[in-house]
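First the structure, in the form of structure tokens, and then the observations on it.
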Amino acid sequence: MENLKRLIRTIPDYPKPGIMFRDVTTLLRDADGFEQAIIALARPFETERVDAVAGIEARGFILGGAVADRLGCGFVPIRKKGKLPWKTIGQEYTLEYGVDAIEIHEDAIRTGERILIVDDLIATGGTAEAAAKLVRRSGGEVVGAAFVIDLPELGGLGKLEEHGVRCHALVAFEGH
């Protein structure tokens, strides 16, 4: 996984001073690195029934779509509020300075389906926790959540695990 870590660009002071932004676009651009990441994200779930991967906007669409293909299952986009064209259900979550919401189509997940949540990075876990709540409210079962990057100091993986979500991250970066 150290090879993958080297392919992730760090941009200091973005989007504000003191933040070290972890940019996966450089990993996505590298064919071998991208393939290794998809294989590693899918590996813990290959022997389980996964009916769909739910990818969180926007980089989770890229990664989640590829993981769904690898696992031979469908894909459900989790979008920011107001971006989906059909009837939706939403889930609010708290940001550092306010509240935001994510949505899925109300018919995207059927009762009893086993869903894997995928995104590029987990920090505080707010968005991923909202995604898990959304899957469960839709009648789905969260099989797990997979991320390329974990920022352990912010505690997101622990927060998800406290809510009964099995988590998998490929690399960790100290600091935020």
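Using helices alone, what [θ] at 222 nm do you get for the chain, with -39,500 (n - 2.57) per DSSP H run of 4 or more residues, divided over all residues and rounded to the nearest 500?
So the helix-based figure for the chain works out to -8500 deg cm²/dmol.
I'd like the distance between the alpha-carbon centres of the stretch 142-160 and the stretch 1-43, rounded to an integer number of Å.
Between the Cα centres of the stretch 142-160 and the stretch 1-43 lies a distance of 15 Å.
Near the amide H of Ala169, under 5 Å away, which other amide H atoms are found, from residues 5 or more places off or on another chain, if H is placed in the peptide plane?
Here the answer is Phe147, since their amide H atoms fall under 5 Å of that of Ala169.
Using just the Cα positions, wrap the stretch 2-172 in a convex hull and report its mean projected area in square nanometres, one decimal place.
Values: hull surface 38.5 nm².
Quarter of the Cα hull surface area: 9.6 nm².
With θ set to phi - 60° and the Karplus curve 6.51 cos²θ - 1.76 cosθ + 1.60, what are the ³J(HN,Hα) couplings of the stretch 121-134 in order, to the nearest whole Hz, using x for Gly and Pro?
Going residue by residue, I get 8, 10, 10, 7, x, x, 5, 5, 5, 4, 4, 5, 5, 5 Hz, with x marking Gly and Pro.
Once phi is turned into θ = phi - 60°, what whole-Hz ³J(HN,Hα) does the Karplus curve with 6.51, -1.76 and 1.60 give for every residue of the stretch 6-16, x standing for Gly and Pro?
Listing the rounded values in order: 5, 7, 9, 7, 10, 10, x, 6, 10, x, 8 Hz.
What net charge is computed for the residues neighbouring Val165, neighbours being all others with C-beta under 13 Å from the C-beta of Val165, Lys and Arg scored +1, Asp and Glu -1? Don't jump to the answer; show the numbers that get you there.
Working: positive: Arg114, Lys133, Arg136, Lys159, Arg166; negative: Asp119, Glu129, Glu141, Glu161, Glu162.
Counting the neighbours of Val165, the net charge comes to 0.
Name the residues whose placed amide hydrogens come within less than 5 Å of the amide hydrogen of Leu121, ignoring near sequence neighbours (fewer than 5 apart) on the same chain.
Residues meeting the amide H criterion: Val148, Ile149.
What is the total of Lys pairs in the chain with C-alpha atoms under 22 Å apart, excluding same-chain pairs fewer than 8 positions apart?
Numbers: Lys16/Lys80; Lys80/Lys133; Lys80/Lys159; Lys81/Lys133; Lys83/Lys133; Lys87/Lys133; Lys133/Lys159.
Number of lysine pairs found: 7.
Starting from the amide H of Phe21, placed 1.01 Å from N in the peptide plane, find each other amide H under 5 Å away whose residue is 5 or more places distant or on another chain.
Ile11, Asp13, Tyr14
If you add up the charges near Asp120, with Lys and Arg at +1 and Asp and Glu at -1, over every other residue whose beta carbon is less than 12 angstrom from its beta carbon, what do you get?
Details: positive: Arg22, Arg59; negative: Asp23, Glu57, Asp119, Asp150.
Overall, the nearby charge balance is -2.
Readers should treat all values here as calculations from the given coordinates under stated rules, not as data from a laboratory. Because the structure is a prediction, the values reported are computed rather than measured. We place every Cβ from the backbone using ideal geometry, glycine too, and count neighbours over all the protein chains shown.
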